[in-house]
């Protein structure tokens, strides 16, 4: 049983319509389920039908949209049958021999969770039958299976030029099927079409089938596949689906590239874990969930994490183990007032805080000792500032008991010390912060002396829709890492420590959708940003873990993010195992970026611009080869190379790193001054004072209130991107820069800024997308988690379109 919260199979549905010509008795089997049955004495064979899509109107699927599921049948823990299904797969009829087995187990997995399959007309038989499987097709219909391998079915990933053992099927009698297969790369390359005649022969009752080999194209990147099957001049089947053609990265060759993915968060294996290496990242961030391992106090069940360790080890991936995150039910209470009501946080009050911390440290000790030979790096708590700090220090109170001051600091200190005690080779990574106040939170921990027990300092640099080179508030991505490192150096006697970005991504989807932080980006732009931020992290020797990378929300459903996977795997294939040698920026502004490294094939480099486009001259290349975003060969003249937001790559046999000269760039639109802040509408009960070029503001205690604005409506172009810039310094509390739709009054975006010890006002920028708005209003509000004073200085408001 992988999922500790799994559902059990439902009651039998009589008269279930599997297809237009078949009904039967069906059992609903939830996904992420393992259920076992005793094999009756004398029974030799188990038969049935597995259906994902069916003709019955009662069939429903995951709330996330059509899924891909796997059904496995085991006899005494030995797998005897496995089948993958999606919403286009016909029902599968099967027979499996039982031998001398005693227990039959049915296991189901899926990609999105919260789904189900149907086991129809299943029964045991006393007579022995050979193993078999076949599709059930209505008469006159066909089916072509171009994704027979698990990698191909579940993630639509193909290797360049690989031979695919495909099949054609027809519900009826036929001698041959004519197949027409077209692959259209999304990169703009020419479509690749093929025509195949497949001989068919009878295969089960009322079914004709034939096997053939289809060769995947060598053009890398995302593509659309169209398949048509004709029998006797009539089309009996047609479909289309997206795929990605990506290189395989041999992770066994590399020890410590900085590239990582965070796929496993459930605390038990899911399909994505088994295919984590598809991304080409060496590192996997894996949760050892306290609430799953120690569901009963004092009893540890590591079976699920044992399986996770084996899964990642088989893929030659290194593991960053995450300790904690959520607490067992016996140690916590639903996190009232926290971001999600399902959070369970330790109930830490004066009467029990010491005991709960000791219980957690026992779990830490058991986990680190158990996996000391498999895990060296330990992430001690995930987003402790989000999920623990408030609950431990002030949010959870019971009766007359008072809050426990700095309880989160003590909790962390004990856990860090326990990690080091449990294994001499343990490297602690902390504290994976996730709120806008992350820097102040880290500094508080440093001031309390925790830095001596932290070996690498971590953060979660989510950037909403902001490209990594653009300021998100005070800093772009490079500056964000640098400012944290500066705080470490100041607090550590002048010595630095590694900085790790243990979780981040651009979570795209519909506006207002849960967990979506970048609703205005499309899949390709996300791919560009993800690759660029990883190249920047590589250049800074900063480990970066791409969070939940496999899927994107599109049209209210989860879909595979094949664009990002294609581009990321190409980047990883080029830079993994290569030693960084240089990073270059054009003079004056961050207009063009170049990262170069020494590999066993010579110098490899990437170059791009966050601007619309630029032209550069590359010097110092020898026998240069150029590759596009996905790794396809392209022709470029080094003396005049056009670059864009999608990095292109070069290979050179030279022994020194190249340099470049900026020839031309797309000039950004000019900044337009907005009316002086002295003329903006002001809030009530705040004190305003002019100080040079800025206004100094002290608010009354509040959580949210307009302090400047909203402005009069400002004319903008719909479906466009804009930047709202001010000079700002926050001295106490927090503020928001806000942009709202003048007509709907819906917020288009807001930027939080909090007091972090800035010595003078800094340029800060709010990026927003207008969507359908033709007029917007801008403003500055106070922002505090509970009533408090905000004190800040602001000045020089400006606006311009993004580039």
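The values are calculated or read from the model by the stated rules, or taken from the named source; none is laboratory data. Nothing here was measured: the structure is a model prediction, and the numbers come from that model. Glycine gets a Cβ as well: all are built from the backbone with ideal geometry, and neighbour counts include every protein chain shown.
Annotations for the structure displayed:
- Whichever residue in the range 387-409 is surrounded by 23 or more Cβ atoms within 10 Å (Cβ to Cβ) and part of a helix (DSSP H, G or I) and, among such residues, is modelled with the highest pLDDT: 408
- Residues of the range 598-638 that are touching a helix residue (DSSP H, G or I) at 6+ places or on another chain (Cβ under 6 Å) and either without any contact (Cβ under 8 Å) to a residue 24 or more places away in the chain or at positive phi (or both): 631 alone.
- Every condition in (1) at pLDDT 95 or above; (2) part of a loop (DSSP other than H, G, I, E, B); (3) surrounded by fewer than 18 Cβ atoms within 10 Å (Cβ to Cβ) holds for residue 612 except the one numbered (1).
- Restricting the range 475-496 to residues that are farther than 29 Å from residue 528 by Cα and buried (at least 17 other Cβ atoms within 10 Å of the Cβ), the residue that is farthest from the chain's Cα centre (by Cα): 491
- Scanning the range 62-75 for residues that are assigned to a loop (DSSP other than H, G, I, E, B) and surrounded by fewer than 21 Cβ atoms within 10 Å (Cβ to Cβ) turns up 62, 63, 64, 65, 66.
- Considering residues of the range 338-363 that are under 26 Å from the mean Cα position of the chain (by Cα) and either exposed (fewer than 15 other Cβ atoms within 10 Å of the Cβ) or in a helix (DSSP H, G or I) (or both) only, the residue modelled with the lowest pLDDT: 341
- Top-ranked residue of the range 38-53 - restricted to ones that are assigned to a loop (DSSP other than H, G, I, E, B) and either touching a helix residue (DSSP H, G or I) at 6+ places or on another chain (Cβ under 8 Å) or in contact (Cβ under 8 Å) with a residue 60 or more places away in the chain (or both), ranked as surrounded by the fewest Cβ atoms within 10 Å (Cβ to Cβ): 42
- Filter result (in contact with a helix residue (DSSP H, G or I) (Cβ under 9 Å, 6 or more places away or on another chain) and surrounded by 18 or more Cβ atoms within 10 Å (Cβ to Cβ)) within the range 76-85: 84, 85
- In the set 29, 21, 12, 35, only one residue is surrounded by 19 or more Cβ atoms within 10 Å (Cβ to Cβ) and either in contact with a helix residue (DSSP H, G or I) (Cβ under 7 Å, 6 or more places away or on another chain) or at negative phi (or both); that residue is 29.
- Of the strands (runs of 3 or more DSSP E) lying entirely inside the range 617-734, those containing at least 2 residues that are farther than 24 Å from residue 752 by Cβ span 625-627, 641-643, 648-652, 659-665.
- Only one entry in 241, 259, 237 is surrounded by fewer than 21 Cβ atoms within 10 Å (Cβ to Cβ) and outside the structural domain of residue 68 (by TED's automatic domain parsing), namely 241.
- From the list 503, 523, 528, the lone residue that is closer than 30 Å to residue 450 by Cβ and under 16 Å from the mean Cα position of the chain (by Cα) is 503.
- Within the range 240-280, the set of residues being under 18 Å from residue 548 (Cβ atoms), assigned to a strand (DSSP E or B) and touching a helix residue (DSSP H, G or I) at 6+ places or on another chain (Cβ under 7 Å) comprises 244, 259, 261, 263, 264.
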